[in-house]
Amino acid sequence: MTTITTQDRPCCAQSFNKLTEVIAGGVGSPTRAFKYVDEAPIVVKRGAGDMIYDVDGNGYIDYHMSWGALVHGHAHPAVIGGIQRRLADGTSYGLSCPLEEELARLIVSNVPSVEKVRFVASGTEATMSALRVARGYTGRDYVIKFTGCFHGHADFLLVRGGSAMIGQTPTASSAGVPADMVKYTLCLPYNDVEATRDVLNSPEYRDNIAAVIVEPIAGNMGVVPGTKEFLTMLREETEKTGALLIFDEVITGFRVALGGAQQLYGIKPDLTCFAKVMGGGTQTAAFGGAQEIMDVLAPKGPVYQAGTLTGNPISMEAGIQTLKLLEAPGVFAELERKACLLLEPVAERLERKGAPACVQHVGSMFTLFLGRTEMTCMEDAPGLNDSLFRRFYSYLFARGILLAPAQYEASFISTVHTDEHLIYTRDVILDFIEQTF
Ligand SMILES: Cc1ncc(COP(=O)(O)O)c(C=O)c1O
């Protein structure tokens, strides 16, 4: 592959300028502006398999994969074929349709903790609604989240946490969020067993915590797996104190295993949130759990939740096709094989050189952290080398490799990444390591 430079992207620059004239910041989501790397954002024309192409026609091996939504890569024939078949019958009914049952059954049959689901439009809605259900079910107000875990942009989840939260007033991490909106959200350090146990059992909070929400394998500070001890403690302590445990599996659901991270850890949360993979790259999401809990939702129960386009046939079909492909034998083992082909030699080389860096991956989600040999929580972030990451990112980008454009994000391998592209990527990363350490 020849190298790609900024001069090779005149249409991207022009198109992005035009986007900024009519779209706030030119983007639909802040990280798309490439502010954490030294590159101008690409503007995409199309995707095919494991490749994405910008409007100048440059191709990149895509490990961004629409923030992990595309587990089967771009424009998979089964997913696109399914969508095309449905299109002739309309895009949305705003009423129930049998496809909802089919996708719900695929979720319920693969994730044993989930007996009933409710479809929503985005991961943000899934977490927001799951927490409303938890509050309605328990009659309690407080929620615990963890620093570095992202659960979408509902007001009360945009909270800044400190490492010593007890006694500290929670503060909003975004302008536009009134202090009162975050006063019931406690933000604690991820993987900190003692601090979390203390808060869950403290006289002040013990009987007032509705739910603990957690990414069991965090993807939003880069890939940082929850420790078994941490997640087991969350399950035990929430059971003891009457709070619900919510696994935010928006990234990990149908990504790390058919049954998500909860299958890998053998832990049953009370509620689970899904998005990304389950929608096959279209806009849908879901949350679910035990029937008894989900029955608090209207129209059966008193907790309100609704959505105009939820359960639309296009998204349902994309999700059905995606999950059916994942049910084929050996898919997750193959994803793991692909991940190891790319990542194991990188990890070995870093270790052999004694480089201050590490690869963290679970199945097909991965991050190369530069500056630390381990990342266990967001409090480790000051040790990361952001300027080196910017160099690393540009080195790969120039060679036609697209990672998530920030060190604190996960990158993703799909079922359609070819060995040739994985080996090429591995060799480019090894070259960078040789030149740097
Ligand atoms: C773990 C997690 N939860 C929730 C969300 C919010 O999902 P959405 O962007 O679909 O609103 C995200 C988005 O990246 C996420 O990674």
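Can you confirm whether Met365 is at pLDDT below 95 and at negative phi? I'd like the intermediate steps shown before the answer.
Numbers: at pLDDT below 95: no; at negative phi: yes.
Criteria not met by Met365.
Taking interchain pairs and intrachain pairs at least six residues apart, which have beta carbon atoms under 9 angstrom, with the first residue in the range 51-76 and within 12 Å of Ile251 (Cβ to Cβ) and in a loop (DSSP other than H, G, I, E, B) and the second within 16 Å of the ligand (Cβ to nearest atom) and aromatic (Phe, Trp, Tyr)?
Here the result reads Ala69/Phe412; Val71/Phe254; Val71/Phe412, each pair linking the range 51-76 to a residue that is within 16 Å of the ligand (Cβ to nearest atom) and aromatic (Phe, Trp, Tyr).
Check whether at least one residue in the range 81-89 is closer than 24 Å to Asp270 by Cβ and more than 23 Å from the chain's Cα centre (by Cα), and report yes or no.
Here is the first cut: in the range 81-89, the residues closer than 24 Å to Asp270 by Cβ are none.
Taking every residue of the range 81-89 in turn, none turns out to be closer than 24 Å to Asp270 by Cβ and more than 23 Å from the chain's Cα centre (by Cα).
For Leu343, indicate whether it is at pLDDT 95 or above, closer than 21 Å to Gly68 by Cα, outside any strand (DSSP E or B) and in contact with a strand residue (DSSP E or B) (Cβ under 9 Å, 6 or more places away or on another chain). Show your work before the answer.
Values: at pLDDT 95 or above: yes; closer than 21 Å to Gly68 by Cα: yes; outside any strand (DSSP E or B): yes; in contact with a strand residue (DSSP E or B) (Cβ under 9 Å, 6 or more places away or on another chain): yes.
In short, yes.
Gly363: open to solvent by less than 20 Å² (accessible area, probe 1.4 Å), farther than 16 Å from Glu100 by Cα and under 17 Å from the mean Cα position of the chain (by Cα), yes or no?
Details: open to solvent by less than 20 Å² (accessible area, probe 1.4 Å): yes; farther than 16 Å from Glu100 by Cα: yes; under 17 Å from the mean Cα position of the chain (by Cα): yes.
Yes.
Which of the numbered conditions does Met65 fail, given that it passes all the others? Conditions: (1) within 16 Å of the ligand (Cβ to nearest atom); (2) under 30 Å from Val199 (Cα atoms); (3) surrounded by 15 or more Cβ atoms within 10 Å (Cβ to Cβ).
(2)
Kindly list the number of the only condition in (1) at pLDDT below 95; (2) in a helix (DSSP H, G or I) that fails for Met1.
Tallying (1) at pLDDT below 95; (2) in a helix (DSSP H, G or I), Met1 fails exactly one: (2).
Looking only at the range 129-139, decide whether some residue is of a type in the set (Phe, Trp, Tyr), within 16 Å of the ligand (Cβ to nearest atom) and either outside the structural domain of Val223 (by TED's automatic domain parsing) or not in a strand (DSSP E or B) (or both).
In the first step, residues of the range 129-139 are kept if they are of a type in the set (Phe, Trp, Tyr); the result is 137.
Still in the running and within 16 Å of the ligand (Cβ to nearest atom): none.
No: zero hits.
As an exercise: evaluate Ala275 against (1) open to solvent by less than 10 Å² (accessible area, probe 1.4 Å); (2) more than 12 Å from the chain's Cα centre (by Cα) and give the number of the one condition it does not meet.
Just one mismatch for Ala275, condition (2).
Anything in the range 346-385 that is out of contact with any helix residue (DSSP H, G or I) (no Cβ under 9 Å at 6 or more places or on another chain) and assigned to a helix (DSSP H, G or I)? List them, or say none.
Answer for the range 346-385, where residues must be out of contact with any helix residue (DSSP H, G or I) (no Cβ under 9 Å at 6 or more places or on another chain) and assigned to a helix (DSSP H, G or I): Ala347, Glu348, Glu351, Arg352, Met378, Glu379, Asp380, Ala381, Pro382, Gly383.
Under 8 Å between Cβ atoms, at least 6 apart or on separate chains: pull out the pairs that start in the range 273-286 with a residue that is within 9 Å of the ligand (Cβ to nearest atom) and end on any residue that is among the basic types (Lys, Arg) and open to solvent by less than 10 Å² (accessible area, probe 1.4 Å).
What qualifies is Lys276/Arg255.
Here's a check for you: in the range 386-429, which residue that is in a loop (DSSP other than H, G, I, E, B), at pLDDT 95 or above and among the polar types (S, T, N, Q) is least open to solvent (accessible area, probe 1.4 Å)?
Ranking the qualifying residues of the range 386-429, first place goes to Ser414.
The values are calculated or read from the model by the stated rules, or taken from the named source; none is laboratory data. Because the structure is a prediction, the values reported are computed rather than measured. Because the Cβ atoms are built from the backbone with ideal geometry, glycine has one as well, and the counts that use them run over all protein chains shown. The accessibility values were calculated without ligands, DNA or RNA, using every heavy atom of the protein model including side chains. Shrake-Rupley method; radii C 1.70, N 1.55, O 1.52, S 1.80 Å.
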